[in-house]
Every structure is written in structure tokens, then in C-alpha cells.
1. Only Lys, Arg, Asp and Glu count, each charged at its Cβ (+1, +1, -1, -1), so figure out the dipole size of the chain about its Cα centre, rounded to 20 debye.
2. So how many Å³ per residue does the convex hull of the Cα atoms of the stretch 1-145 work out to?
3. When every alpha-carbon pair in the stretch 181-263 is counted, what percent end up more than 21 Å apart?
4. Starting from the Cα-Cα distance between Asp226 and Ser257, subtract it from 0.36 nm times their residue separation and give me the gain in nm to one decimal.
5. Could you work out the relative contact order of the chain? I mean the mean sequence separation of Cα pairs under 8 Å and 6+ apart, divided by the number of residues, in percent.
6. For labels at Ala141 and Ala114 in the simple 7 Å Cα→Cβ model, what's the distance in nm?
7. Going by Cα centres, the stretch 329-347 and the stretch 275-300 are how many Å apart?
8. So what is Rg over Rh here for the stretch 89-152, counting just Cα atoms and using Kirkwood for Rh?
Amino acid sequence: MRIIRSPDTGDAVRDVQHRLLELGYRIDADELDGRFGPSTEAAVRTFQQQRGLPADGVVGGETWGQLVEAGYRLGDRVLYLRSPAFRGDDVRELQRRLNALGFEVGKEDGIFGARTSDAVAEFQLNVGEPPDGIVGPGTLAALERLRPAVAGPSRAVVREAEDVSRLERSLAGSRIAIDPGHGPDDPGNVGPGGLVEAEATLLLATDLADRLAERGAEPTLLRRGDERPTPSDRALAANALGADLCVSLHFNAGDPSAEGATCFYYGTAATHSPAGRLLAELILEELTTRLGLTDGRTHPLAVAILRETRMPAVQVEPCFLTNPREERLVADPASRGRLAAAIASGLERFFRAGATAASAARGTDRPSARRR
Ligand SMILES: [Zn+2]
């Protein structure tokens, strides 16, 4: 889609403004004739912050998608499994209620997929409705009757935390999806020396795939050469691969003095992925200790590659492409190899952390005996 931003004017801006107003955001009266002014931009930034998107005040594909999804309330439309899947806040509310009632839908991602459909059918069986997986008026009324008295914390968070401790595999033999951020139509940031983010992510992805293959893993790149997958295409490809983990690579941008490593995991104000967060923390620790990079911390983010993937996923921004010193770090094959090795070590530690948690849960943990 075309990007809508200040100082655009016209129907597309008016559409954005109406959606924001309906969601309760404030826009100055003198901008409501379709002028993307300061109050519209401020409303977009607040909306993005609340939805876990980068708060750049610009309406691109992901922000537009979230504006549309935010407009749906449970009951606005009949929900069922179809392709492409229904997406929206109505689906997220359905998932939250099913999880709260003990019908497992997993991640509350607002996407009506197979697991949500199965949970609906299981719920319908329990309340004596035909188990067709279709959320119409009858099923909605049953959900309403069973609404838990107290809105508890999201159970998806608890459940995924348990899944981490069940992850007993090692990096060797596991499938790792690597997403080189951006592409030919969307170059991303450019460094002062001319290094383009879309090319830098591909170089680093190739190095990372080499490091992972050396350690016995099966890496797959979600973009090669001049392919142009959308973020959703990449998430679907990672799901189709049955990947155990997904690592999306980007580089940060800011003023020339901004520096350091940052990692993101799936999260919004209401929910987050504990496994993704652990993975982000381990990778960040490896990057900061091995390369001496400034610690830019881990943050929740709800972009497609983190939200629509079905496995623990992270977006790694090892350093700033706009910082001359850090740009050279990426351009130089030897130091780029060290970045890749640090990320690979973070992945390895994630699997070890899972195995330790699992054996501790069984009460048979003897880490000193296992270390040879
Ligand atoms: Zn990027």
C-alpha cells in the first residue's frame, strides 16, 4: 500500500482519521478535512505505541492493518476457519476468553487459525452446541454466559512459559528460520558509508546460517537474492517449515552517535511471548559481552514476523547502520562473522535453558554430572 504521512491530504488521510476517532483518539478539528497535521500524527504515534508497533507516526502497511483490525468487536461478524484467516481484535477477544475458560488457543495473536478453530469446536461440544467451529450468535451467547467473573491475567503467557521448559531439543538437529529484513523494493536504512540495510541483513543471514550449520542445525533463509516476500509471507513460510525458532535480522538507525544492540520479541500491552523474550535476552547478552556493544535492551514489538509465526521468534538489531563505526563492523567480513557467532551462541543457550528447566521440573537435574 501507499504510505500515508504528514503533510499528506485527501481521502486516505480522512479514512485514517475516522478510524482513529472511532477508536477514541483525539484529532484537532482543523485537521478533520483530511489534513495529516500534528494532532493526526500524534494520534498515530499513540496508537502505534499501544499496539506494540514502532511509533514513527507514519501509516504504512502494518499500521494500516492494525487500524482495520482494531475496529472489530466480538459479534461484529461470524468467525470461522478460512483462508486468508480472519484477523482482528474480535478474534483476539475470542482467544482471550477461550484461554481463560481452559480451551487452549495458544498465542492470543488475533488470527483465527486451526488451533483457534479446534478450541471453538471443543468449547461448543462442552456447551452442547454443534461443534462446527463457527462463531455465530449461539456460540457467542454461550461464551457470554460463561464469561469468567474476574478477568485474570492472560493464560497464554503462562502456557507458553511451560512450553519453553518442555523444549528439550538441542540446537543440533533443529530447524531455524532466518529472515533477512527488507528486500529489493524496501531497502531500509542506509549507512554513511553507503551500506544498505537490505543487503547487510542478507550478508549477516548467510553468515548466521553458516555458523548454525557448523553446529548441526538446519537453517533456512526466508528471503534470498532478489525475492520480495511480504512480512506475512515470511511468517507463513517459517510456519510451513515447522521451524523451531525464527530469527529476523534488521539494523537500527538514529543520529550518528546512536549505538548498540537491541532485540525484540512478540508483545503488546496485554500479552507477550515469554519464550521469545528469553531468546531475545540471551542473544542480546551474547552480542554485548562478546563484541562489547552497548546494551540497547529487549523490547516487545507486534510486527508480523513476531506475531504471525507459531514458534519463539526474535527480531535482532545487532547495531546501528547509521553509526560510522558500527557500519564498518557490519561491512567487515571478520567482525560480521563474530556478530553471527554471537547470535548463534544465543540460540544454543536458549535450547540449553529449556533442557535445564525441563530436568529441574522432573526433579532429576544434575547439571554438574552432565557437564563434560
Ligand atoms: Zn529494518
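What follows draws every value from the coordinates through simple rules; no lab data is involved. Please read all numbers here as calculations on a predicted model, not as lab measurements. Reconstructed Cβ throughout: ideal geometry from the backbone, glycine too, with neighbour counts over all protein chains shown.
1. Charge dipole of the chain: 1380 debye, to the nearest 20.
2. 114 Å³
3. The calculated P(r) of the stretch 181-263 puts 34 percent of pairs beyond 21 Å.
4. Length difference between fully extended and current span is 8.0 nm.
5. RCO, the chain: 15 percent.
6. Between Ala141 and Ala114, the label points sit 3.3 nm apart.
7. Taking the Cα centre of the stretch 275-300 as reference, the centre of the stretch 329-347 is 13 Å away.
8. Radius of gyration relative to Kirkwood radius: 0.92.
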